Amino acid sequence: MKLNIGVIKGDGIGPEIVNEAMKVLDKVAAVYGHECNYTQLLMGGASIDVYGVPLTDETIELARKSDAVLMGSIGGDAKTSPWYKLEPSKRPEAGLLKIRKSLNLFANLRPAVLYEELKGACPLKEEITDGGFDMMIMRELTGGLYFGQRSTEEVDGLMTATDTLTYNEDEIRRIARRGFDIAMKRRKKVTSVDKANVLDSSRLWIKWTDEGAKDYPEVTLEHMLVDNCAMQLVKDPRQFDVILTENMFGDILSDEASMVTGSIGMLASASLNETKFGLYEPSGGSAPDIAGKGIANPIATILSAAMMFRFSFDLDEEADAIERAVSEVLKAGYRTIDIMSEGKIQIGTCEMGDRICEYISHRVSEN
Ligand code: IPM
Ligand code: MG
């Protein structure tokens, strides 16, 4: 199969971790008989440096023409980087929001899995996480506070800032459907998270998720208040299968869920629209403090490439091969510094990519 992949290396550790993911993509392509064609795209700070804006319309069109986009990370140190002297709509993050909206990437999937091999990195007590946990945060990505009307103006002599949280029933229906579809392939439980004791948007959210659930009789749907969910994530993460929530709640809860796994460097993500197109990126940020040192963990990006095979190309076997190779490498004791523990073998970004590639070939020669 010909795979046309747009690549946004981005800023900070982005280029290093994406290079490793491309190595893995090439390895999988060689082993399973595919051809990867890459189109390099600039976004975030890297685009500001060249074009003065974080994302050009030409880049959006090139991304749209790709089958899928693999992304590293964008942004720099807000205190020291010149990018943050620009007005908010010209900063690196604005590029990310623009690509999400322009390509209608409304469904953001962020798996949070506690790997058996890394359970030592989990900050929770062992009795809470015994047996591991495996949840999928399903975050609505193109609505809510992120894209509502906003303003900063003087009202009655006082500077006043306003952000609005808006959802319509269609937006809720389509993300709920995605959540139920994903749950059907998992343990068939959806926890829909809201703040319905305060917000109108949450009350509408409940109405349409309840409505959507009627088409999925096998799925159990429960509703949970967002503050309670934040608590339950550390109290009993094993209770969750799919967490379905609006944009801002999902932003916050997915960071919390990732930290509960012990390492944000392990967590992949996919942002999908109604077609097979997807934008795949690690959940972590650009970590400018360790950029260029060759120590960043590339696994989240590599696992994002696995999600790309699964969701955009329907190549489950290839996705499984990547995920298995990651597990094998961890089992063999290899660790980047962020997940290092006593008695393990510390390696750098590049070697981690090499090891994972080796396991992908091993597996095939064993068969
Ligand atoms: C994320 C990030 C972004 C978001 C930022 C960089 C705008 O935190 O992908 O979770 O808030 O969505
Ligand atoms: Mg975030």
Q: Specify the residue with the greatest mean-square fluctuation among 152, 80, 209, computed from a Gaussian network of the chain linking alpha-carbon atoms under 10 Å apart.
A: 152
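Stokes-Einstein at 10 °C, 1.306 mPa s, Kirkwood radius from Cα pairs: D for the chain in µm² s⁻¹?
Working: Rh = 21.2 Å.
Stokes-Einstein gives a translational diffusion coefficient of 75 µm²/s.
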Q: Filter the chymotrypsin sites (Phe, Trp or Tyr not before Pro) in region 174-218 to those in DSSP coil with at most 10 other Cβ atoms within 10 Å of their Cβ, and list the result.
A: none
Q | Distance between region 186-261 and region 298-343 - C-alpha centres, whole angstrom | A | 27
Q | Solvent-accessible heavy-atom area per residue, rounded to whole Å², over the chain at 1.4 Å | A | 44
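Are any of the pairs 188/276; 27/331; 9/235 more than 25 Å apart by Cα-Cα distance, and if so, which?
Working: 188/276 23 Å; 27/331 21 Å; 9/235 36 Å.
Beyond 25 Å between Cα atoms: 9/235.
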Q. Of 197, 108, 228, which has the largest mean-square fluctuation in a 10 Å C-alpha GNM of the chain?
A. 197
Q. Considering only protein heavy atoms and a 1.4 Å probe, what is the carbon-and-sulfur percentage of the accessible area of region 123-260?
A. 52
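Highest mean first, what order results for 45-54, 91-100 on Cβ atoms within 10 Å? Write down the numbers at each step before the final one.
Working: 45-54: 18.8, 91-100: 21.5.
Ranking, from highest mean packing down: 91-100, 45-54.
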Q | Kyte-Doolittle mean at least 0.5, axial Cα span of 15 Å or more - DSSP H helices of the chain | A | 299-311
Q. Ranked highest first by the average count of other Cβ atoms within 10 Å around their residues, in what order do 287-299, 12-24 fall?
A. 12-24, 287-299
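Past the 26 angstrom mark, what percentage of all C-alpha to C-alpha distances in region 123-260 do you count? Could the numbers behind the result be given before it?
Details: 2637 of 9453 pairs.
The answer is 28 percent, as a whole percent.
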Q.
Quick check on the chain: of the DSSP beta bridges with both residues there, what percent are antiparallel, nearest 5%?
A. 40
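If you count, for each residue, the other Cβ atoms within 10 Å and average over each peptide, how do 164-176, 347-359 line up from highest to lowest? Intermediate values should be presented prior to the final figure.
Working: 164-176: 17.7, 347-359: 19.9.
Going by the mean number of other Cβ atoms within 10 Å, highest first, we get 347-359, 164-176.
Computing the accessible area with a 1.4 Å probe over protein heavy atoms, can you report the carbon and sulfur percentage for region 270-367?
Values: 1900 of 4010 Å².
The C+S portion of the solvent-accessible surface of region 270-367 is 47 percent.
The values are calculated or read from the model by the stated rules, or taken from the named source; none is laboratory data. Worth saying up front: this structure is predicted, and the values here are computed from it rather than measured. A quick note on method: Cβ atoms are made from the backbone with ideal geometry, for glycine too, and the neighbour counts reach across all protein chains shown. The protein model used for the area step is the full one, side chains on, heavy atoms only, and it has no ligands, DNA or RNA in it. Shrake-Rupley method; radii C 1.70, N 1.55, O 1.52, S 1.80 Å.
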